[in-house]
1. Per residue of segment 129-144, what does 6.51 cos²θ - 1.76 cosθ + 1.60 with θ = phi - 60° give for ³J(HN,Hα)? Whole Hz please, x for Gly and Pro, Karplus curve as stated.
2. To the nearest 20 debye, what charge dipole does segment 180-292 have about its Cα centre, counting +1 at the Cβ of each Lys and Arg and -1 at the Cβ of each Asp and Glu?
3. If you count, for each residue, the other Cβ atoms within 10 Å and average over each peptide, how do 209-216, 85-92 line up from highest to lowest?
4. Cut-off under 27 Å on the C-alpha distance; same-chain residues fewer than 8 positions from residue 215 excluded. Which lysines are left, in chain and number order?
5. Amide H to amide H under 5 Å from residue 110: which residues, 5+ apart in sequence or cross-chain, H placed 1.01 Å off N in plane?
6. Using +1 on the beta carbon of Lys and Arg, -1 on that of Asp and Glu, and nothing else charged, what's the dipole of segment 70-154 about the Cα centre, debye to 20?
7. Work through the residues other than residue 139 whose Cβ is under 14 Å from its Cβ and net out their charges, Lys, Arg +1 and Asp, Glu -1.
8. Mind checking which of 210, 193, 224 is farthest towards the positive end of segment 182-232's charge dipole, using Cβ charges of +1 (Lys, Arg) and -1 (Asp, Glu) about the Cα centre?
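Every read-out reported here was derived from the displayed coordinates using simple, explicitly stated rules and does not represent laboratory data. The model shown is predicted, which means the values in this text are computed figures rather than measured ones. Glycine also receives a Cβ, built like all others from the backbone with ideal geometry; neighbour counts cover every protein chain displayed.
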Amino acid sequence: MRADGVRNEIVVTALVVLLALLALRFDVVSWLLADLPTVATVERQSASKRAAVGITESAARSEQADDRATSASFDVARIASDGPAVFAGRAPAEWNVTILANAEPVAAVKADGNGEWAVVVERRFAPGDYRLSLTAKPSGVGRELIGQSMRVTVASSAPAPLIHREVSSSPATAPQRRTASIAPMPITFAYDSTNFTPVGTREATALRDFLREHKLASATLSGHADERGSDAYNMELSRRRLDSVARYLRDSGYAGKLVLVPKGRSEPFLSPERWKLSREDAMQLDRRVELHLAP
């Protein structure tokens, strides 16, 4: 009997110890898990991070859009190898604009209250290709913004004007005064079209007469488009405008060589007076085909 009592006490003691160990293990596990976030908390945190990233990316896109909206742009960029350069354009009102040629600053000017600026640069540019670009910065504290960039080619000085031959009806008649024969103005086109404008029709006739009068064996024509539309579309449009002029000249009897060079929208018509024109009038000058005379 005594032996049975001892065994019972041992069993009870063992059960108590086992229960105590189990309770201790549960407490330890609970303690270890106390500082770990729940699945729902982790998901909420992840969603918050994604939202924060979305806000940051949205803000960055908005800031980039603001940069584009406030950047400076050219209306006129006239450079000649034998005279001063003329630049004009637009920027935020009262901002400081810097003009650069091949990343080198060449002029600085301040936009007026209407956001317009113009400057004449007494600097001679050697013939060649240049990358013109703009930067703009507020007059006070603010970061500098990158503006428009474009490529231009500065040609050598224009050749001397062609001269009419002296004409006389008889040996007794005094020779007529020589007059300079001026090359015709560019042939202009209707918007998004290969049709001549009324002025363009007149200049096409002048081009025909010029080639016929001087009996030029070849003529180089460049075709252009305004800034609207993609580069590829405008390049094709300028090519078709060249074809239209070439067809007109062939139908008029010109048999010389025609070199047709499409330029798309890469070379807007440069004129010191361009900045005084409305945007539409300025772009009308861009839609053109013009004659180039070899020096």
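1. Going residue by residue, I get 8, 9, 9, 8, 8, 10, 10, 9, 8, x, 5, x, 7, x, 8, 7 Hz, with x marking Gly and Pro.
2. For segment 180-292, the charge dipole is close to 300 debye.
3. Order by mean packing, descending: 85-92, 209-216.
4. Correct list for residue 215: 257, 263.
5. Excluding prolines and chain starts, which carry no amide H, the hits are 97.
6. So the magnitude is around 160 debye.
7. Its environment carries a net charge of 0.
8. My answer, from the dipole projection, is 210.
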